[in-house]
Amino acid sequence: MPSSSRLRGRAFARAGLVAVVTAVAAVAVGALHGGAATPQTQSVAVPGKVGQTVRVSWRGTIPAASPHPTNDCNGAGVGVDDAAVSLTVPRKGYDKFDAVFTFQIAWTPSNPSGDETLNDEVLTVNSADNADPGDTEGSEVGSSDGGTTQETVVAHNLAPGTYHALACGFVNSTPQDYSGTLTVQTVPRAATQSLTSAAAQGLQFSAATTADPQRDEAEPLIEIARDGHIYTCGPTGFSNASDYAQVSTDGGDQFHILGTPPRGQQGAGGGGDCALATGVTPNSSGNYQYAYAGLGALSGFTTSTSHNNGHSLATAGADANGGITSNGVLADRQWMTFTDDHTVLLSWNQQEPRNVVVQKSTDGGLTYSPITSVAAPDAEFPGPMRFITSQNVVYMPWTKGEQVNLAVSHDGGDTWTDCKVASGATVTGGTAGFAVADHDSAGNVYVVWADSSDYHTWLSVLTADKLAACNQPVSDVAATDDGEPTVDAGFSTPLQVDRDAVRTTVFPWVAAGGAPGRVAVTFYGTTSDGDPNSGDFKAAWNVYVNQSLDALAATRTVSQVQATTHPFHYDSICLNGLGCDLAVPAGDRTLADFFAIGYNPANGRLSVVFDRDNKKPDEAAGHIATPMVVTQIAGPSNNGGTVSVAGHAVVRTSSTDPAGDALSSYSLTAPAVEPPDPPTKNEAAADFTSASVGPDAATGGFTVSLGVADLSTAALTQALMDTGGQSLVWVWRFANGYQDAAVSARWNPVSGFTFGYNPYATGGTPCAGVTNAQGEKCVVYPGTQPVTGKVDQAAGMITLTVPATVLRQLSGADANGRPLEQPAVKGSRLYDGTAFSFANTTGATQDTQSFLYTLDSTPAMDFLLP
């Protein structure tokens with residue numbers, strides 16, 4: 001496979017820092033050469049046999065006052081030292097073995113106090129086409145800025161050519177001498193292969209429900225409370241300072257937006273990363289407390305908490321008067337877990353000094369103590385925290401270099417110990433996404449990750465009786481040569497999870513939660529083989545869920561099902577943070593860094609939240625990252641039973657929808673204290689009762705009939721009054737070939753009902769009208785193409801016609817396995833059909849839209865063109 005390239009170290013690889021880095025880069029564009037190493041250029045030949053090593057070394061000096069705030073020598077900043085290496089490979093390349101390339105720089109701080117933070121250096125390795133660090137027209141192999149006195153970039157099977165090892169300062173108070181090495185080792189080819197899946201025993205997922213039909217939410221997270229409430233959340237980017245969240249009260253068929261409508265923010269701030277958690281036991285209201293933390297401008301977090309499933313949200317900002325401050329220099333990727341009904345632990349990746357630190361809240365996640373402990377020293381990427389109630393154990397996976405680790409606390413997060421989960425071939429090149437863990441009802445811990453060399457997904461298990469052996473003190477881990485744990489607590493040999501024709505996987509996530517040995521792993525997967533970081537990677541991506549019913553057995557088996565009914569993304573999924581923009585062609589980071597699966601203890605079902613970005617094949621980047629949820633409708637449950645959900649066949653012609661769920665004022669926010677329960681009310685004029693698809697003989701297309709509880713003028717007027725709307729909108733949204741489309745009915749008191757169709761349409765920052773050109777920040781429904789429609793107000797029925805001329809199907813495939821888009825014909829499959837009702841608070845006509853006031857939706861379905 002092509003060599004992997006991965007950004008390692010500080011938060012520049014995370015969504016929360018991208019906009020800040022971009023702003024800095026706009027001021028200081030491009031790095032400048034500061035000098036050349038000695039020797040300036042060397043040659044290295046990769047050995048022709050396995051088990052051999054060659055090494056070259058050099059010395060250099062990094063100029064003083066050469067800060068690179070992007071943590072990358074290719075980014076904004078001045079002054080680098082350049083060592084060039086000309087590489088040749090055997091005539092037959094890497095056909096018999098793999099080669100590991102380890103670039104490293106090391107130094108002793110030159111400032112008078114010897115303070116590491118005053119001479120904090122960066123190593124970036126470029127291929128020949130990016131020889132000039134001020135030139136963004138090339139390829140970055142990798143970059144490292146971990147906060148110690150050495151930095152390492154590891155690559156695999158590099159192509160012949162010239163490579164430049166650039167040394168620069170993140171903080172550089174004085175000139176810094178350093179020594180550099182490149183070590184090339186030939187090793188046996190990784191023993192990974194395509195494995196056959198076990199029988200899925202009927203495991204099946206629903207059509208994809210749109211959790212938020214407008215907002216841009218990369219890396220969506222899912223949290224399922226013990227009473228079955230499903231919460232999803234995702235950041236729309238620091239530039240808009242907003243995370244958005246939703247809650248489903250009906251098992252995943254419909255989601256309500258959290259926060260004061262119509263925009264629906266949980267607090268003023270966030271937008272970099274989003275974390276959610278729910279209580280372990282019921283609170284005084286009989287609900288499971290909900291807590292949120294959103295990463296702000298690198299200095300801290302916005303927080304919220306709710307005692308009543310998100311109806312009333314108390315929020316605090318990331319400043320001295322509330323919320324959380326970083327208590328250090330720069331904050332990054334945070335995670336949360338409850339340990340009872342009101343105590344919340346928050347972990348986050350402090351950048352200076354670089355450690356995963358923990359803070360504690362005793363008021364349900366609104367305010368937090370100062371930093372109470374360090375969970376992992378100098379970690380690269382910390383994974384989500386979990387709490388095992390029966391053992392009073394908090395744990396958290398984390399990665400560094402080519403090793404996956406576990407941090408464990410037995411005293412509620414006050415102190416931590418660490419151990420090694422895996423290293424070697426299954427972590428070659430590091431990880432393609434976070435390492436993630438979950439546990440079953442007996443306390444057995446399951447850890448998953450994907451390697452970033454061959455892009456396979458791996459699973460390892462630590463049984464509950466061995467948790468106590470994960471006992472290396474954090475201080476001892478920090479004192480090791482590489483800052484990685486050496487204790488092996490007894491994790492099982494890693495098991496390759498991906499199966500059958502899947503060749504490349506990224507972003508694995510895991511859900512256990514039920515009977516011992518039952519676990520489900522999800523990942524983004526494709527049958528294309530290669531490096532997804534590359535901007536010229538061609539692929540069709542789907543969501544897979546692989547389930548093991550015997551994960552504690554020595555001969556454990558894994559099934560595999562494709563949970564999505566059509567690709568949600570095409571081509572590159574870049575893992576390199578800002579390096580995605582530095583490469584040519586640039587990789588696509590629209591989806592950011594993860595997605596998630598959760599287990600619902602109330603009904604035994606699995607739910608997966610992922611992003612659909614409406615990207616077409618060969619486009620440089622995706623568009624709006626729309627959070628979608630698929631929920632288990634059949635097959636083995638993690639709880640040991642079997643799931644069977646009636647009326648939710650994936651392909652069908654109609655959906656029924658319960659009455660009374662078109663809710664205005666579902667959620668309200670207030671500073672510092674939870675406000676009184678909002679005046680939540682069902683809006684009968686927006687309350688769907690059914691949606692059905694039938695033929696349209698006149699055009700060869702289809703009609704969609706939307707049943708609504710009450711379409712009387714009185715009900716329509718009341719809905720406008722309750723929402724502050726100027727018009728009402730009823731939309732049938734569906735995936736029409738590569739991209740979503742919508743047909744809509746609209747009503748305002750002056751014009752009455754009108755009808756229109758539009759292909760995929762987006763609004764600007766943060767969600768401005770359809771003519772706004774300031775980027776793509778939300779989905780809008782202008783209905784610019786008139787269509788035939790009718791309304792029977794007495795019967796409560798809206799009928800809309802979609803002509804065949806606008807319909808597209810996915811059929812056949814190109815050489816890269818990507819489906820082809822063609823005109824739809826009778827029997828063509830259309831995807832994820834869902835009805836939505838909104839109030840438009842911005843305009844009486846739909847050429848003016850911003851955040852729409854979401855009221856109701858129907859269960860999603862795939863359907864055939866009649």
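The values are calculated or read from the model by the stated rules, or taken from the named source; none is laboratory data. Keep in mind that this is a model prediction, so the values were computed, not measured. Here Cβ is always computed from backbone atoms with ideal geometry, including for glycine, and neighbour counts include all displayed protein chains. Side chains included, ligands, DNA and RNA excluded: accessible areas come from the protein's heavy atoms. Shrake-Rupley method; radii C 1.70, N 1.55, O 1.52, S 1.80 Å.
Filter region 629-655 down to the residues that are among the polar types (S, T, N, Q) and open to solvent by less than 20 Å² (accessible area, probe 1.4 Å) and list them by number.
Correct list: 631, 632, 637, 638, 655.
Select from region 843-863 the residues that are crowded, with 24+ Cβ neighbours inside 10 Å, part of a loop (DSSP other than H, G, I, E, B) and among the small types (Gly, Ala, Ser) and list them in ascending order.
Matches in region 843-863: 860 only.
Got a sec? Which strands (runs of 3 or more DSSP E) wholly within region 672-765 have at least 1 residues that are open to solvent by 40 Å² or more (accessible area, probe 1.4 Å) and among the small types (Gly, Ala, Ser)? Let's see the steps before the verdict.
On the way: elements: 688-695, 702-708, 727-736, 739-748, 752-759.
So the answer is 688-695.
Can you find, within region 414-434, the residue that is farthest from residue 331 (Cα to Cα) among those that are assigned to a helix (DSSP H, G or I) and touching a residue at least 60 places away in the same chain (Cβ under 8 Å)? Outline the logic, then answer.
Taking region 414-434 and keeping what is assigned to a helix (DSSP H, G or I), we get 424-427.
Checking which are touching a residue at least 60 places away in the same chain (Cβ under 8 Å) leaves us with 425-426.
Numbers: 425: 31, 426: 29 Å.
Among them, the one singled out is 425.
Among (1) open to solvent by less than 10 Å² (accessible area, probe 1.4 Å); (2) closer than 30 Å to residue 471 by Cβ, there is one condition residue 505 misses while meeting the rest; what is its number?
Failed condition: (2).
Taking only region 435-454 into account, find how many residues are open to solvent by less than 10 Å² (accessible area, probe 1.4 Å), in a loop (DSSP other than H, G, I, E, B) and either modelled with pLDDT of 95 or more or within 16 Å of residue 495 (Cβ to Cβ) (or both).
At the first step, the residues of region 435-454 found to be open to solvent by less than 10 Å² (accessible area, probe 1.4 Å) are 435-437, 440, 443, 445-452.
Now drop any that are not in a loop (DSSP other than H, G, I, E, B), which leaves 435, 440, 443, 452.
When the remaining residues are screened for being either modelled with pLDDT of 95 or more or within 16 Å of residue 495 (Cβ to Cβ) (or both), the result is 435, 440, 443.
Final tally of qualifying residues: 3.
Restricting to region 372-413, count the residues that are under 26 Å from the mean Cα position of the chain (by Cα) and not in a strand (DSSP E or B).
Qualifying residue count, region 372-413: 9.
Name the single residue that is surrounded by the most Cβ atoms within 10 Å (Cβ to Cβ) among those in region 228-243 being at pLDDT 95 or above and in a loop (DSSP other than H, G, I, E, B).
Filtering first and then ranking leaves 229.
Which pairs turn up if I take residues in region 532-556 that are without any contact (Cβ under 8 Å) to a residue 12 or more places away in the chain and under 16 Å from residue 636 (Cα atoms) and look for partners that are open to solvent by less than 10 Å² (accessible area, probe 1.4 Å) and in a loop (DSSP other than H, G, I, E, B) with beta carbon separation below 8 Å, at least 6 apart in sequence or on another chain?
none
For region 458-482, name all the residues that are open to solvent by less than 10 Å² (accessible area, probe 1.4 Å) and either more than 30 Å from residue 530 (Cα to Cα) or touching a Gly at 6+ places or on another chain (Cβ under 8 Å) (or both).
Passing the criteria: 462, 467, 470, 477.
Residues that are within 23 Å of residue 392 (Cβ to Cβ), open to solvent by 10 Å² or more (accessible area, probe 1.4 Å) and either modelled with pLDDT of 95 or more or among the charged types (D, E, K, R) (or both): does region 311-329 have at least one?
no
Filter region 514-537 down to residues that are over 20 Å from the mean Cα position of the chain (by Cα) and β-branched (Val, Ile, Thr) and give me whichever is nearest to residue 459 (Cα to Cα).
Here the residue is 519.
Looking at region 644-696 only, could you name the residues that are under 18 Å from residue 852 (Cα atoms) and out of contact with any strand residue (DSSP E or B) (no Cβ under 7 Å at 6 or more places or on another chain)?
684
What's the number of the condition residue 128 fails, among (1) at pLDDT below 90; (2) touching a Pro at 6+ places or on another chain (Cβ under 9 Å)?
The one condition residue 128 does not meet is (2).
Go through region 244-295 and count every residue that is part of a strand (DSSP E or B) and either of a type outside the set (S, T, N, Q) or under 23 Å from residue 601 (Cα atoms) (or both). So that I can check it myself, show each step before the final result.
Taking region 244-295 first, the residues part of a strand (DSSP E or B) are 244-248, 256-257, 265, 269, 274-278, 290-295.
Those left that are additionally either of a type outside the set (S, T, N, Q) or under 23 Å from residue 601 (Cα atoms) (or both): 244-248, 256-257, 269, 274-278, 290-295.
The number of residues fulfilling the criteria is 19.
Quick one: in region 335-355, which of the residues that are at pLDDT 95 or above and in a strand (DSSP E or B) is nearest to residue 151 (Cα to Cα)?
Within region 335-355, the first condition is being at pLDDT 95 or above, and the residues that meet it are 335-347.
Next, only the ones that are in a strand (DSSP E or B) stay: 335-338, 344-347.
Details: 335: 26, 336: 30, 337: 32, 338: 36, 344: 34, 345: 31, 346: 28, 347: 24 Å.
Across region 335-355, the extreme among qualifying residues is 347.
List the strands (runs of 3 or more DSSP E) inside region 45-132, counting only whole elements, that have at least 3 residues being of a type outside the set (Gly, Ala, Ser), crowded, with 19+ Cβ neighbours inside 10 Å and in contact (Cβ under 8 Å) with a residue 12 or more places away in the chain.
On the way: elements: 53-62, 80-88, 98-106, 119-127.
Once the strands (runs of 3 or more DSSP E) in region 45-132 are filtered for at least 3 residues that are of a type outside the set (Gly, Ala, Ser), crowded, with 19+ Cβ neighbours inside 10 Å and in contact (Cβ under 8 Å) with a residue 12 or more places away in the chain, what remains is 80-88, 98-106, 119-127.
How many residues are in contact with a Phe, Trp or Tyr (Cβ under 8 Å, 6 or more places away or on another chain) and either modelled with pLDDT under 95 or within 24 Å of residue 698 (Cβ to Cβ) (or both) when one looks only at region 808-830?
Here is the first cut: in region 808-830, the residues in contact with a Phe, Trp or Tyr (Cβ under 8 Å, 6 or more places away or on another chain) are 808, 810, 818, 821, 829-830.
From the residues that got through so far, the ones that are either modelled with pLDDT under 95 or within 24 Å of residue 698 (Cβ to Cβ) (or both) too are 808, 829-830.
The number of residues fulfilling the criteria is 3.
Considering only region 614-628, I want to know if a residue exists there that is more than 18 Å from residue 224 (Cα to Cα), open to solvent by 10 Å² or more (accessible area, probe 1.4 Å), charged (D, E, K, R) and touching a Ser or Thr at 6+ places or on another chain (Cβ under 8 Å).
Going residue by residue through region 614-628, those that are more than 18 Å from residue 224 (Cα to Cα) are 614-626.
This time we only want the ones that are open to solvent by 10 Å² or more (accessible area, probe 1.4 Å), so: 616-623.
Cutting the leftovers down to charged (D, E, K, R) gives us 616, 618-619.
Right, trim to touching a Ser or Thr at 6+ places or on another chain (Cβ under 8 Å) and you get none.
No - not one qualifying residue is present in region 614-628.
List the pairs whose first member sits in region 712-739 and is touching a residue at least 12 places away in the same chain (Cβ under 8 Å) and under 25 Å from residue 615 (Cα atoms), whose second member is open to solvent by 20 Å² or more (accessible area, probe 1.4 Å) and acidic (Asp, Glu), and whose Cβ atoms are under 7 Å apart, counting only residues at least 6 apart or on separate chains?
Listed by first residue and then by second, the contacts come to 737/821; 738/821.
Quick check on residue 658: is it more than 26 Å from residue 827 (Cβ to Cβ), open to solvent by 60 Å² or more (accessible area, probe 1.4 Å) and part of a loop (DSSP other than H, G, I, E, B)?
Working: more than 26 Å from residue 827 (Cβ to Cβ): yes; open to solvent by 60 Å² or more (accessible area, probe 1.4 Å): yes; part of a loop (DSSP other than H, G, I, E, B): yes.
Judged against the criteria, residue 658 is a match.
Let me confirm something: among 195, 203, which residue is open to solvent by less than 30 Å² (accessible area, probe 1.4 Å), modelled with pLDDT of 85 or more, more than 29 Å from residue 64 (Cβ to Cβ) and not polar (S, T, N, Q)? Spell out the reasoning first.
Working: 195 fails: open to solvent by less than 30 Å² (accessible area, probe 1.4 Å).
Among 195, 203, only 203 is open to solvent by less than 30 Å² (accessible area, probe 1.4 Å), modelled with pLDDT of 85 or more, more than 29 Å from residue 64 (Cβ to Cβ) and not polar (S, T, N, Q).
Considering only region 789-842, state which residues are within 27 Å of residue 615 (Cβ to Cβ) and part of a loop (DSSP other than H, G, I, E, B).
Correct list: 803, 807, 814, 815, 816, 817, 818, 824, 825, 827, 828.
Here are 771, 788: which of them is at pLDDT below 95 and open to solvent by 70 Å² or more (accessible area, probe 1.4 Å)?
Numbers: 788 fails: at pLDDT below 95.
From the options 771, 788, the qualifying one is 771.
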